[in-house]
1. Please give the solvent-accessible surface of Met1 in Å², to the nearest 10, using a probe radius of 1.4 Å with every protein chain present.
2. Could you give each residue of region 140-151 its phi-based ³J(HN,Hα) in whole Hz, using Karplus coefficients 6.51, -1.76, 1.60 with θ = phi - 60°, and x for Gly or Pro?
3. Which of the lysines could a cross-linker span from Lys57 if the Cα-Cα distance has to be under 19 Å and same-chain partners fewer than 8 positions apart are dropped?
4. Averaged per residue, what accessible area in Å² does the chain show with a 1.4 Å probe, protein chains only?
5. In the chain, with Lys and Arg counted as +1 and Asp and Glu as -1 at Cβ, which of these residues, Thr32, Val251, Gly19, has the Cα nearest the positive end of the dipole, that is, farthest along it?
6. Take the Cβ-Cβ distance between Met1 and Ala66 as r, set R0 to 30 Å, and report the resulting FRET efficiency rounded to the nearest 0.05.
7. Could you run the Karplus curve 6.51 cos²θ - 1.76 cosθ + 1.60 with θ = phi - 60° over region 123-139 and give me ³J(HN,Hα) per residue in whole Hz, x for Gly and Pro?
8. Provide the gained length on full extension for the span Lys121 to Thr88, in nm with one decimal, where the gain is 0.36 nm per separating residue minus the Cα-Cα distance.
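The values are calculated or read from the model by the stated rules, or taken from the named source; none is laboratory data. Here the structure is a predicted model, which means the values were calculated and not measured. Please note: Cβ atoms are built from the backbone with ideal geometry, for glycine as well, and neighbour counts cover all protein chains shown. When the accessible area is computed, the model is the full protein with side chains, heavy atoms only, and any ligands, DNA or RNA have been set aside. Shrake-Rupley method; radii C 1.70, N 1.55, O 1.52, S 1.80 Å.
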Amino acid sequence: MQIARFTTGDDPHYAIVDGSELVVLTGDPLYTPPTPTGQRVPIETTRLLAPVIPRSKVVAFGRNYAEHAAELGNEVPELPLVFIKPNTTVVGPDDPIVLPSYSQDVHHEAELAVVISRICKDLPAERANEVILGYTAANDVTARDVQRSDKTWTRGKMFDTSCPLGPVLVTDLDVSDLRIQARVDGEVRQDGSTAQMIHSVPDLIAYASTLFTLLPGDVILTGTPAGVGPIREGQRVEVEIEGIGVLGNPVVRR
């Protein structure tokens with residue numbers, strides 16, 4: 001099932017994607033079973049939004065693909081490398097990525113994102129599927145020059161608009177070997193597979209739950225394959241994940 005969050009100019013709604021139409025739902029699928037209202041809306045008449053706005057946080061993992069760690073001159077960490085992005089970083093399809101004024105070297109990072117469905121703490125990896133609502137595409141936009149120079153990744157990873165999510169949430173997907181790409185103005189920059197992950201999705205969820213209580217709507221970013229590179233004002237960056245679709249955003253500077 002593909003679930004979209006959308007607007008036609010009024011309050012956001014949720015819907016099931018059915019071909020070129022959206023089957024509108026009664027509530028938020030995080031909290032209520034998907035129940036159609038009977039209303040159907042052509043997708044082309046709507047604006048798709050980020051499929052989820054985390055109530056609490058985005059938990060992100062770095063250097064979870066060996067070739068990406070190597071391309072930046074880093075070793076693969078013994079334990080998963082984890083950091084937090086606040087929910088103010090999240091934007092949706094076609095929303096602008098606003099380059100921060102303090103950086104001149106901002107990079108795209110195409111990632112598989114996992115949305116958590118229920119409260120969990122100290123969850124064993126073998127039970128991770130019990131707390132997954134679904135999957136979407138993400139772009140972990142990074143101010144690379146600042147990330148290198150600062151002692152923490154706060155300025156480099158946590159600025160507004162640095163976590164586009166979308167275009168839809170897919171609830172039933174085998175993510176063990178999905179093609180994942182990033183394109184800038186149509187040029188392929190990243191082209192990898194989720195099979196290249198060092199730590200699997202269940203292992204990442206389990207590890208995160210040992211550090212923080214995970215809440216409904218929390219998002220897990222699972223790392224990026226090799227090929228990250230700069231994005232500049234006026235460009236358009238796209239993240240495409242097999243079975244999920246294309247997440248595209250324009251790049252602006254203010």
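1. Counting only protein heavy atoms, the figure is 80 Å².
2. For region 140-151, the Karplus-derived couplings read 7, 5, 10, 7, 5, 5, 6, 4, 6, 7, 7, 6 Hz, x marking Gly and Pro.
3. Lys85, Lys121, Lys157
4. So the chain comes to 43 Å² accessible per residue, rounded to a whole number.
5. The listed residue farthest towards the positive side: Val251.
6. Efficiency for this residue pair is about 0.35.
7. Here the 3J(HN,Hα) series is 7, x, 4, 5, 10, 4, 4, 5, 10, 9, 7, x, 10, 8, 9, 9, 10 Hz.
8. Answer, rounded to one decimal: 9.5 nm.
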